[in-house]
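Colleague: One structure follows; several queries about it will come next.
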Amino acid sequence: MRLLYVTDHRIDAYLVKALREAGHVLDLAGEPADGVEMATGGGYEAIVLDWSGPPAPCAARFAAVARGSLVVVISAAADEAERTVVLEAGADACFTRPAPFIELEARLDALARLVQRGRLAGDGADGAQMIAAQQAILVNGTHIALSGREFRVMTHLTDHPGEVIGPDRLWRQVWGDELEPRPDLVRASLSRLRRKLEAAGAGACLRVAGGHGWAFEPPDQAQNEKRLIGPPALI
């Protein structure tokens, strides 16, 4: 998952390291104002708020700007009543510090499954459905298993149907900001993904836009465009 970790105190180096070692792409905000700005930009599947102050106002603020991101609060101290207030304020989960990492990781996965089960890209049964629990995409009834990176790529593309997304943006969303962008690696990964989709008869859903990037086309739209313009050019 692509996560935003925001704190109003010292960054928890252990938690950050554990989340990254678990395979998450993690951006950090050591100042609440920076976190709000980053969250407003969207692109995060979940926002982890490690908070020492009153957590309910913080949860409400981030839930209002999160654009569909899950909001998970880690509070310095919160009893049952206080955790209930945090959840009512807009958080999807609330832990007290120190948060057991194994439970935090399991809760993130469980929340993501709930979101993905109901999310469709396209129109009803004729669209494409991302299935987080199986790390797969279902296109017109065809189940296509994906690698973790391929799943994150397709999740970002299906979140922005029809929008051309370039290599640099995909790198930030899927590989993270810690390494220097490698457009060649992005292109190689997308080429393998296209071959996998084509082998399953769903290649038209991943359109190549000249040398600019890639776009997800809902299956019905992709089929119409394929008939009109033919196979996409190689990037």
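Colleague: Would you tally the residues in the range 151-165 being among the acidic types (D, E) and over 12 Å from G213 (Cβ atoms)?
Modeller: Of the residues in the range 151-165, 1 are among the acidic types (D, E) and over 12 Å from G213 (Cβ atoms).
Colleague: Being open to solvent by 40 Å² or more (accessible area, probe 1.4 Å), part of a helix (DSSP H, G or I), within 21 Å of G30 (Cβ to Cβ) and not basic (K, R): is that true of P98 here?
Modeller: Here the answer is no, as P98 does not meet what is asked.
Colleague: Now a separate question. Can you tell me which residue is surrounded by the fewest Cβ atoms within 10 Å (Cβ to Cβ) among those in the range 141-164 that are of a type in the set (D, E) and in a helix (DSSP H, G or I)?
Modeller: It comes out as D159.
This table checks each residue for (1) over 24 Å from E150 (Cα atoms); (2) surrounded by 14 or more Cβ atoms within 10 Å (Cβ to Cβ).
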residue	(1), (2)
R2	no, yes
V6	yes, yes
A18	no, yes
G53	yes, no
V65	yes, yes
I74	yes, yes
R83	yes, yes
A91	yes, yes
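Colleague: A further question on this structure: What are the residues in the range 66-80 that are among the polar types (S, T, N, Q) and either farther than 14 Å from G35 by Cα or modelled with pLDDT of 85 or more (or both), if any?
Modeller: At the first step, the residues of the range 66-80 found to be among the polar types (S, T, N, Q) are 69, 75.
Correct list: S75 only.
Colleague: Against the condition open to solvent by 10 Å² or more (accessible area, probe 1.4 Å) and free of Cβ contacts under 8 Å to residues at least 40 places away in the same chain, how does R10 come out, does it pass?
Modeller: yes
Colleague: I'd like the full set of residues that are part of a helix (DSSP H, G or I) and at pLDDT below 75, limited to the range 101-128.
Modeller: Scanning the range 101-128 gives R113, L114, V115, Q116, R117, G124, A125, D126.
Colleague: Kindly indicate whether S69 is more than 24 Å from R149 (Cβ to Cβ) and either polar (S, T, N, Q) or surrounded by 21 or more Cβ atoms within 10 Å (Cβ to Cβ) (or both).
Modeller: no
The values are calculated or read from the model by the stated rules, or taken from the named source; none is laboratory data. What you are looking at is a predicted structure, and each value in this text was computed from that prediction instead of being measured. Backbone-built Cβ (ideal geometry, glycine too); neighbour counts: all protein chains shown. With ligands, DNA and RNA removed, areas are computed over all heavy atoms of the protein, side chains included. Shrake-Rupley method; radii C 1.70, N 1.55, O 1.52, S 1.80 Å.
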